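The values are calculated or read from the model by the stated rules, or taken from the named source; none is laboratory data. Since the structure is predicted, the reported quantities are computational estimates derived from the model, not experimental observations. Ideal geometry is used to build each Cβ from the backbone, glycine not excepted, and the neighbour counts take in all protein chains shown.
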Amino acid sequence: MAYSEKELIEIGGRFSTQRLIEQANVSIAMARAHSAELQKKFPPARVDELESIVAEISTKYGIQADAKDSFGTANVPVAVKIAEAKRWISSLITSADNAYEEEPEIRDEFHKSGKIGVSVPKILGRMETLLVVAFKHKDDLLQWGFDESDLRNGRKIIIELTSANTTQEEAVKMLPATTKELYILKAKAYILLKKLARAARHINRDDPTTAIGFNLTILNRKGRRAGEEEVPPQAPPPGS
């Protein structure tokens, strides 16, 4: 199922436009250099698509250079709470897997879900279901490091994530159309970059040095210091 417009805006709003363009330029160059190996898992047409999206991002970024800050503040609490929720889910499942290693039917109760990604409704639904299951088996889980305080923390995360998401939804509604377009494009580029990195890891599983070259290290590096301006990136030199 494709991401909704709201989900794309949330994804695109997480990343610096400058770093995304820099990362894309590196990843595209790597994909061109290794096109023969990659073409089955990441076709050249997809590289062309990524390059076209990045060119459009660069154009819109030049026009809408201040868009980077219009959504970021509202987006941070949701991203933080999503990370907390996923850590909570991981902690619970780790304890449950240890508690019920010899009882797979009970263990499976903690695994009845597909991927939740960054969808807040899916994460909230997963947490609410897990809380019920965890409460039912709390005595066994206690022996493996998941206690009453963890149950309380789960309820707290659900409340805070719900509140943060409501605030963010209001912020999304107030975004200018041009900013929404920029974030949607950024999200589409990020999704293609992730797919490219995934394909490269598979193709180069016996060549970790090459695989590392496709990692999204530029995109995920620490952001600029407060007060520093984000300068629109320059186009790569011809032939690079």
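In this structure, does Tyr183 turn out to be at pLDDT below 95 and either over 22 Å from Arg19 (Cβ atoms) or part of a helix (DSSP H, G or I) (or both)? For Tyr183, the condition - at pLDDT below 95 and either over 22 Å from Arg19 (Cβ atoms) or part of a helix (DSSP H, G or I) (or both) - is met.
So that you can scan it fast, the table gives a plain yes or no per residue for (1) under 21 Å from Ala83 (Cα atoms); (2) among the hydrophobic types (A, V, I, L, M, F, W, C):
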{"residue": "Ile106", "(1), (2)": "no, yes"}
{"residue": "Phe110", "(1), (2)": "yes, yes"}
{"residue": "Ile116", "(1), (2)": "yes, yes"}
{"residue": "Ser119", "(1), (2)": "yes, no"}
{"residue": "Ile123", "(1), (2)": "yes, yes"}
{"residue": "Glu128", "(1), (2)": "yes, no"}
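Considered as a group, the residues in segment 144-157 that are part of a helix (DSSP H, G or I) and without any contact (Cβ under 8 Å) to a residue 60 or more places away in the chain include one that is farthest from Leu20 (Cα to Cα), and that residue is Glu148.
So which residues in segment 134-152 are surrounded by 12 or more Cβ atoms within 10 Å (Cβ to Cβ) and closer than 18 Å to Glu101 by Cα, if there are any at all? Answer for segment 134-152, where residues must be surrounded by 12 or more Cβ atoms within 10 Å (Cβ to Cβ) and closer than 18 Å to Glu101 by Cα: Ala134, Lys136, His137, Lys138, Asp140, Leu141, Leu142, Trp144, Gly145, Phe146. Can you pull out every residue in segment 30-50 that is touching a residue at least 24 places away in the same chain (Cβ under 8 Å), in a helix (DSSP H, G or I) and surrounded by fewer than 18 Cβ atoms within 10 Å (Cβ to Cβ)? Answer for segment 30-50, where residues must be touching a residue at least 24 places away in the same chain (Cβ under 8 Å), in a helix (DSSP H, G or I) and surrounded by fewer than 18 Cβ atoms within 10 Å (Cβ to Cβ): Glu37, Arg46, Glu49.
Per this entry, Asn75 is counted among residues that are at pLDDT below 85, assigned to a helix (DSSP H, G or I) and out of contact with any Leu (no Cβ under 9 Å at 6 or more places or on another chain).
Note on segment 106-121: residues that are under 18 Å from Phe135 (Cβ atoms) and part of a helix (DSSP H, G or I) amount to 4.
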